[in-house]
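Input: a single structure, listed below in structure tokens.
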Amino acid sequence: MPEIVPGQSSDAIHRAVSLINAGALIGFPTETVYGLAADADNPAAVAHIFAAKGRPADHPLIVHLGADDLLTHYAREIPDEAWILAEAFWPGPLTMILKKALTVPDVVTGGQDTVGIRLPGHPVALALLRALAESRRSAGQQGGGLAAPSANRFGRISPTTAQHVADELGDAVALILDGGDCRVGIESTIVDLSRDLPVILRPGAITAEQLSLVLGRTVQAHAKKDERAPRVSGSLASHYAPRTPLKVVDAGMIDRQIARGDVAAIVRDTDDLPPRVRQYASTRILANDPMDYAHDFYRVLRELDGGGYRQILVQALPQHSEWLAIQDRLSRAAHRDLPDNT
Ligand code: TXA
Ligand code: MG
């Protein structure tokens, strides 16, 4: 099993930088989910990410930066709106799709001419990224970005603790920096700024309303079906799926189903929750608040998935835009038309 070390220690950060500079993969915390990182300027190291995850080569990775002055090393023709969003939301759970700089290896972008970039809002991630950039500068080189997808096997639940990363990837990672529980708990919002109109490709904690407000024009909450749209692995229907079949139902249905046993339930803490559902040993009660719910959702799903249940029943979510990002993850988790690990 890989070594898990406290990410706050400067010794751990230096070990991680040395490993990355040697082409190894490491696990690191962000405020959204844990990432599986390689040197973004080292194509051979980035190729190991795809092997470790079992991810198809044409699914692009996000490049993580410790400072926005590195943006010009990885992107070109950067629109003013990108700088405005960087100023407003970085460090934070926002990924921007921009035209890629010619030096970005094709293996990072899956051969596309755009690149996803974000500056994560977690102290350990920032310490790591800044130390890496500093090691490049002192060697007279440019760069210092980390190509990193979520640190799960392809198609599985994203990890929100260091132990989840070890459980998912084992010895494929050289070292895991422990930064505790991820604050947000679901993946970053992805906004595509490489086209005429900004469009959200993946909803997250930062909403279309927030982006629209800062930009002073409407940001589309959903990419329309568009043949020019790049492939996004998170847009496969079966993504984020547990192994146990998952069904979205109302609380009344959960009440009837638990009488038969053999199922687990994820519900929201509301006054009208049936008492039997509340008391059932395999019910997990999450907060009736989208931020708090997101914080716990993947962890609870992962725990119940390992419990040997016939089915996981999840109480339907409110039809409100605040719940959009979780709704998105939930419907993917419930979708089983596509086989696992595709
Ligand atoms: O919160 C997050 O974004 C986490 C943490 C680790 O930063 N990362 C993450 O990475 O979720 P990943 O690889 O699991 O998901 C990134 C998504 C994928 O669906 C990928 O297809 C999409 O971003 N993506 C990356 N580059 C892209 C590009 N150039 N154009 C369109 N989509 C892109
Ligand atoms: Mg992922």
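List of remarks:
- Options A131, A162, A172; residue that is touching a strand residue (DSSP E or B) at 6+ places or on another chain (Cβ under 7 Å) and either farther than 18 Å from L61 by Cα or small (G, A, S) (or both): A162
- Condition check for I200: surrounded by 13 or more Cβ atoms within 10 Å (Cβ to Cβ), modelled with pLDDT of 90 or more and within 16 Å of ligand 2 (Cβ to nearest atom): no
- L129 meets all of the listed conditions (1) in a helix (DSSP H, G or I); (2) away from ligand 1 (no atom under 13 Å from the Cβ) but one, namely (2).
- Taken across region 273-282, residues that are at pLDDT 85 or above, within 16 Å of ligand 1 (Cβ to nearest atom) and open to solvent by 40 Å² or more (accessible area, probe 1.4 Å) do not occur at all.
- Sub-6 Å Cβ pairs linking a first residue in region 45-74 that is closer than 15 Å to G145 by Cα to a second residue that is among the charged types (D, E, K, R) and in a helix (DSSP H, G or I), at least 6 apart or interchain, are G66/R130, ordered by first then second residue.
- Subset of region 134-152 that is open to solvent by 20 Å² or more (accessible area, probe 1.4 Å) and away from ligand 1 (no atom under 11 Å from the Cβ) - its residue that is farthest from D58 (Cα to Cα): S138
- Here the condition is being open to solvent by 50 Å² or more (accessible area, probe 1.4 Å) and outside any loop (DSSP other than H, G, I, E, B); of D167, D181, it holds for D167 alone.
- Qualifying residue in region 160-174 (condition: within 11 Å of ligand 1 (Cβ to nearest atom), touching a residue at least 12 places away in the same chain (Cβ under 8 Å) and either within 24 Å of A47 (Cα to Cα) or polar (S, T, N, Q) (or both)): yes
- A search for C-beta distances below 8 Å between a residue of region 99-117 that is away from ligand 2 (no atom under 16 Å from the Cβ) and any residue that is among the basic types (K, R) and part of a loop (DSSP other than H, G, I, E, B), counting only pairs 6+ apart in sequence or on different chains, returns K99/R76; K100/R76; A101/R76; L102/R76.
- Restricting attention to region 82-96, the residues being within 16 Å of ligand 2 (Cβ to nearest atom) and either part of a helix (DSSP H, G or I) or free of Cβ contacts under 8 Å to residues at least 12 places away in the same chain (or both) number 0.
- Residues located in region 248-284, provided they are among the aliphatic types (A, V, I, L, M) and either under 24 Å from E187 (Cβ atoms) or not in a strand (DSSP E or B) (or both): V248, A251, M253, I254, I258, A259, A264, I266, V267, L273, V277, A281
- Among residues of region 184-199, those that are in a loop (DSSP other than H, G, I, E, B), more than 18 Å from A294 (Cβ to Cβ) and not aliphatic (A, V, I, L, M), counted: 4
- If you go through region 50-81 and keep only what is surrounded by 23 or more Cβ atoms within 10 Å (Cβ to Cβ) and within 15 Å of ligand 2 (Cβ to nearest atom), you end up with K53, P60, L61, I62, V63, H64.
- The residues of region 18-35 that are part of a helix (DSSP H, G or I), among the hydrophobic types (A, V, I, L, M, F, W, C) and open to solvent by 10 Å² or more (accessible area, probe 1.4 Å) amount to a single one, L19.
The values are calculated or read from the model by the stated rules, or taken from the named source; none is laboratory data. This one's a predicted model, so the numbers in the text were calculated from it and none came from an experiment. Neighbour counts are summed over all protein chains in view; Cβ atoms, including those assigned to glycine, are modelled from backbone coordinates with ideal geometry. Just the protein is used for accessible areas: all its heavy atoms, side chains included, with ligands, DNA and RNA removed. Shrake-Rupley method; radii C 1.70, N 1.55, O 1.52, S 1.80 Å.
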